[in-house]
Structures are given as C-alpha cells and as structure tokens.
Amino acid sequence: MAGGGGGGKSEEPAPHPPKDQLPNVSYCITSPPPWPEAILLGFQHYIVMLGTTVLIPSALVPQMGGGNEEKAKVIQTLLFVAGLNTLLQSLFGTRLPAVIGGSYTFVAPTISIILSGRWSDQDPPIAKFKKTMRAIQGAMIIASTLQIVLGFSGLWRNIARFLSPLSAVPLVALAGFGLYEFGFPGVASCVEIGLPQLIILIIVSQYLSHLIHSGKNIFDRFAVLISVAIVWIYAHLLTVGGAYNHAAPKTQHSCRTDRSGLIEAAPWIRVPYPFQWGAPSFDAGEAFAMMMATFVTLVESTGGFIAVSRYASATHMPPAVLSRGIGWQGIGILLSGVFGTVNGSSVSIENAGLLALTRVGSRRVIQISAGFMIFFSILGKFGAVFASIPAPIIAALYCLFFAYVGSAGLSYLQFCNLNSFRTKFILGFSFFLGLSVPQYFNEYEAINGYGPVHTSARWFNNMVNVPFSSEAFVAGILAYFLDTTMHKKDSSIRKDRGRHWWDKFYSFKTDSRSEEFYSLPFNLNKYFPSV
C-alpha cells in the first residue's frame, strides 16, 4: 500500500474446523485418571444410573402383585445384571465407557403382559407376581435373539455401513432430547427439592468450576456428588421437620425421603441367581411384542453408542464394532430374562451425559462403576440407602444429561454441508416427524387409554405403537432412509452427507487410532473379528 501507513486487508472470518475427536476431554478411553479420582467418578456413575434402576421396578412391581420386599429384590437383580452387562460391554462389546442399564422402551410390552388377564385375581399377590415375572422372562429371553443374531452375524454392520453424520444427527439428538418427559416434569413433582437440585448442579458445574481454580477440577468432575449430597440433606430436613405431614399422598411419595420402603424391605446380603422366580413361561404374541421393543432399543442404543464415543474423545466407531456391541447387548437382554429383572437393558443415556459433564471418558471409570453396581446389589441394605434418593433429585440430573446427549447429536452437523437444500430437508423433516409422530401416539394413549392401533390382539398393538412412540427411533429411521435413497447419483452428495469424514474409520487397517480404542483384549479379535 502506498505510503506504508495503512493496515493490510482484513482476514475473512473462518469457521471452526471439524474435529474427528472431541477436544478438551481430560481422560479418553485408554487414559484412566488416578485411582482415588477414578473410584469417586465410578461411584458418581453408579448414583446416576440408579434413577432408571429404581423407577422402573417401583412402577411395575406393585402392578404385578409384589410388595416392598419383591420390589427391593427386583431392584437388586436389575442392578446386579446392569453391572455384569456393563463389564461385558466394556471388555468384549464396543469397549466404550457405556453403562448398560434398564430401558423405558420395555415398559409398554411389560405392562401389556401384566394386564393380559392370564392370571386370576383369586391368586395370592405373591403368586401373581411370580407368574407375571416368569412370563416377562420368557418373552425377554426369546426377544434377545434378535439383537444377538443381528449383532454377531454382521447384519447390523451392513446396515450401519450406510450411516452418515447427516443421518446420525437426528438419531443421536433425539436419543437425548426425546426423553424430555423424564426431565422437568419429574422435577416439578416436588419442585422445592427438584428445582434447587437443578440450580445447584448448574452453579457448581458451570460457574464455580470457572470462578474457583483449585487445579483439581473438583467442581466440574464431582458436581453430581456435591449437589446430590446438599439437596438430599435438605430434603431429609424437610421430611423430619414435618413439612409434608399434611400433604397429599402423591406429594409425600415424591418429596419425603422415608417413603420408598426399600431400606426396611431389602435383605442384608443376597446374591441374585438365574431363574430365582421359577421356570420362565412362553407366549408367542408376548414374545413378538417384546422383540419389537428390542429392535427399538437396538436403534436407540446405536445413537447412545455414538454419543458415548463422542464424549469419550474416540474416533468414529467402525460399523463392525457397533455390530459387535449390539450382539453383546443382546446377551445383556438374555441375562435380564434369565435373572428376572422385569426390564430389558440398553445404553444408559444419562450416564453418557455424565461423561460430558465430567469430561472423563475413561473405560476404567465405567468398570469401577460396574463394580459398585454388583457390590451394592449383593449388600442390599447398603444399596437401598442410595436407592432411596428422591426421584425429583434424579430428574434434575436428567435435565442436564439428556441435554448433553442431544447436543452430541447436533455436534455432527460440523461434518455436513448446511448450505445444501437436501441436507436441510432431511434434517428438518426427520426432526419434525421424530417429535410429532410420538407426540400423537402418546397423546392418543393418554386420552383413550390405548394407542392408535387398537385390536383384540394386545401384542400386535404393542408391535406398532411402541416403535412410533420413540422419538429417536422415528427420527433415526426416517433420516437413515432419506439419506440413503435421495439423489445418491450426484457426486457431491457424499461430501454433503459427511461420509468422507467417516469412511476412513471403516476398518482397523485404515486408522490405527480406531484399533487402539476398539480392539478386543486378550487376542480375542480372532474369535470376534472386527473387519
């Protein structure tokens, strides 16, 4: 420039570059934190997974005719099997730091079995409970074969090969956002406990961690333990102070810390064992309904695994590894049926969100958490103490963790061309119907007491109503179909979809980092090949 005085041409603003692995994660899959910190983090994961573990049996067991003793034993069993499944998944499945726990998707077909009318009201409650449990076990054992076959045969690998970042966005996002009904509505069931928990959790994890620099990352990594301890003590003071003595029964059940009945009913020491409720019974219709729920959890868990790999700062998960993980999740559902947990298993979305909060994606932490699950499932009285945390406290945690998982799905937009009208159509249409279709099915059932598909065959009703009531399933299947069928002959489509980012991780031979994260221990790859 003449005169040499002015500045040069201003630089054009550049977008943030895409990242295969999430940056700023303190500990990834293969880099465990120190043992004392790892133990506390593992205990924190145990506390978080207790929500689903306690809520589902608490809702189902009374309908089956069971009392507090049966409820405590079922919770112990579900906790024990969750620990086994988490260890199996982290050692031989995807090898991701994923907690495998109970799934709400199995609730609808389970209730259908409970209400099937196959048992006389003349039976004693405990007899009705055991007969119902055996029927649930039989349906779950048969249904587990779906994921076992699809996973270990490699069929799911062939399907996952066509998955792209574009079709993964609605699937993963609604795996988190789609669980909104378990968030603030649960907080509002006792707002004087749930809302302080949510506020304190955000203050400790997002504000104190930046205001107070201790160098130990105490506030962001242990925000759950700190906030739950504070609010649990506060809730107990309200209870012993008589704040709810004259409240409605529903309010007392949600707010009081002495209404679960688990501590009194739980045995001191008890080891869950296979077929503890008796030999399973089998019904073809119930098995088909449970099998459809298993397929829905297969799709939902695919989104869950992708979210976990993202927050563990791993590279993209090869389709063969995903298929292997689905096969082991099928083994987990089989174990659920064999032990009698009243509920199938899938990837715990809330624990995937906790990975984001702590920024610790270590496999060792999750394995320690599995150890806590097994330990406290055997020592029933001690485990019942933590299982008695009021539900609004857990629901407040869900608000943050489900949001984190949903944002993990949105993060895959960085690999897509957002200026493409094809991309905009697939995203918008799958998100809209992914929210709208389940809303219609859920509202219809809330008003009429049954779903839009209502025939004399209850099992057939569940086969149709259950899938269309899942936001992640509807959005994921629709996005996958549109993405793999629309305008595939256009050469620019592959880059718009973001496939050029993922294709390099399809085989261990193409990227050694994938082998580092996902290869099996003990030279077992020859028995469970990944390519």
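The values are calculated or read from the model by the stated rules, or taken from the named source; none is laboratory data. Bear in mind the structure is a predicted one, so any value in this text is a computation, not a measurement. We place every Cβ from the backbone using ideal geometry, glycine too, and count neighbours over all the protein chains shown. Surface accessibility is based on the protein's heavy atoms, side chains included, excluding ligands, DNA and RNA. Shrake-Rupley method; radii C 1.70, N 1.55, O 1.52, S 1.80 Å.
Residue check: is E286 in a helix (DSSP H, G or I), acidic (D, E), closer than 29 Å to A127 by Cβ and touching a residue at least 60 places away in the same chain (Cβ under 8 Å)? So that I can check it myself, show each step before the final result.
Values: in a helix (DSSP H, G or I): yes; acidic (D, E): yes; closer than 29 Å to A127 by Cβ: yes; touching a residue at least 60 places away in the same chain (Cβ under 8 Å): yes.
Considered against the rule, which asks whether it is in a helix (DSSP H, G or I), acidic (D, E), closer than 29 Å to A127 by Cβ and touching a residue at least 60 places away in the same chain (Cβ under 8 Å), E286 comes out as yes.
Within the stretch 250-265, does at least one residue satisfy the condition of being of a type outside the set (G, A, S), farther than 24 Å from V54 by Cα, part of a loop (DSSP other than H, G, I, E, B) and open to solvent by 50 Å² or more (accessible area, probe 1.4 Å)? Steps first, please.
Applying the first criterion (of a type outside the set (G, A, S)) to the stretch 250-265 yields 250-253, 255-259, 262-264.
After this cut, where a residue has to be farther than 24 Å from V54 by Cα as well, the list is none.
No: the stretch 250-265 contains no residue that is of a type outside the set (G, A, S), farther than 24 Å from V54 by Cα, part of a loop (DSSP other than H, G, I, E, B) and open to solvent by 50 Å² or more (accessible area, probe 1.4 Å).
Of the numbered criteria (1) among the aliphatic types (A, V, I, L, M); (2) in contact with an Asp or Glu (Cβ under 9 Å, 6 or more places away or on another chain); (3) surrounded by fewer than 19 Cβ atoms within 10 Å (Cβ to Cβ), the one A127 fails is (2).
I want to confirm something. Restricting to the stretch 130-157 and keeping residues that are open to solvent by less than 10 Å² (accessible area, probe 1.4 Å) and of a type outside the set (A, V, I, L, M), which single residue is nearest to N68 (Cα to Cα)?
The initial filter retains those residues of the stretch 130-157 that are open to solvent by less than 10 Å² (accessible area, probe 1.4 Å), namely 132-133, 135-140, 143-144, 147, 151, 154.
The next check asks that each one be of a type outside the set (A, V, I, L, M); those that pass are 132, 137-138, 144, 147, 151, 154.
Values: T132: 17, Q137: 20, G138: 24, S144: 28, Q147: 33, G151: 37, G154: 43 Å.
Taking the candidates together, the pick is T132.
For the stretch 71-109, filtering for residues that are within 18 Å of F43 (Cβ to Cβ) and small (G, A, S) leaves 5.
For the stretch 442-459, residues that are among the β-branched types (V, I, T) and part of a helix (DSSP H, G or I) total 1.
Note on the stretch 439-484: among residues that are open to solvent by 50 Å² or more (accessible area, probe 1.4 Å) and β-branched (V, I, T), the one that is nearest to T110 (Cα to Cα) is T455. What's the total number of residues in the stretch 421-445 that are among the small types (G, A, S) and more than 24 Å from the chain's Cα centre (by Cα)? Number satisfying all stated conditions: 1.
Hey, could you check the stretch 186-232 for residues that are polar (S, T, N, Q) and in a helix (DSSP H, G or I) and say which is most open to solvent (accessible area, probe 1.4 Å)? Talk me through it step by step, then tell me what you get.
To start, the set of residues in the stretch 186-232 that are polar (S, T, N, Q) comprises 189, 197, 205-206, 209, 214, 217, 227.
Keeping just the survivors that are in a helix (DSSP H, G or I) gives 197, 205-206, 209, 227.
Values: Q197: 0, S205: 5, Q206: 72, S209: 25, S227: 0 Å².
Looking at residues that are polar (S, T, N, Q) and in a helix (DSSP H, G or I), I get Q206.
Within the stretch 388-408, identify whether any single residue is over 30 Å from H45 (Cα atoms) and surrounded by fewer than 18 Cβ atoms within 10 Å (Cβ to Cβ), and answer yes or no. So far as the stretch 388-408 goes, no, none of its residues is over 30 Å from H45 (Cα atoms) and surrounded by fewer than 18 Cβ atoms within 10 Å (Cβ to Cβ).
Among the residues of the stretch 460-515, which ones are among the polar types (S, T, N, Q), part of a helix (DSSP H, G or I) and at pLDDT below 85?
Listed by number, the residues that qualify are T510, S512, S514.
Contact map, the stretch 410-437: first residue basic (K, R), second residue open to solvent by 80 Å² or more (accessible area, probe 1.4 Å), Cβ cut-off under 8 Å, separation 6 or more or different chains; pairs are R422/H487.
Table: residues versus (1) small (G, A, S); (2) at pLDDT 95 or above; (3) within 30 Å of S301 (Cα to Cα).
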{"position": "V99", "(1), (2), (3)": "no, yes, yes"}
{"position": "S112", "(1), (2), (3)": "yes, no, yes"}
{"position": "Q122", "(1), (2), (3)": "no, no, no"}
{"position": "P125", "(1), (2), (3)": "no, no, no"}
{"position": "I136", "(1), (2), (3)": "no, yes, yes"}
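Right, P280: open to solvent by 10 Å² or more (accessible area, probe 1.4 Å), in a loop (DSSP other than H, G, I, E, B) and of a type outside the set (A, V, I, L, M) or not? Spelling it out, P280 is indeed open to solvent by 10 Å² or more (accessible area, probe 1.4 Å), in a loop (DSSP other than H, G, I, E, B) and of a type outside the set (A, V, I, L, M).
Among the residues of the stretch 239-275, those identified as at pLDDT 90 or above, within 26 Å of L379 (Cα to Cα) and aliphatic (A, V, I, L, M) are I269, V271. Among the residues making up the stretch 357-386, those that are buried (at least 24 other Cβ atoms within 10 Å of the Cβ) and within 30 Å of H210 (Cβ to Cβ) are T358, V360, G361, S362, V365, I366, S369. Flag: A352 matches the condition of being under 22 Å from V474 (Cβ atoms), open to solvent by less than 10 Å² (accessible area, probe 1.4 Å), among the hydrophobic types (A, V, I, L, M, F, W, C) and within 14 Å of the chain's Cα centre (by Cα). Return the residues of the stretch 145-183 that are in a helix (DSSP H, G or I), charged (D, E, K, R) and more than 19 Å from the chain's Cα centre (by Cα); say none if nothing qualifies. The answer is R157, and nothing else.
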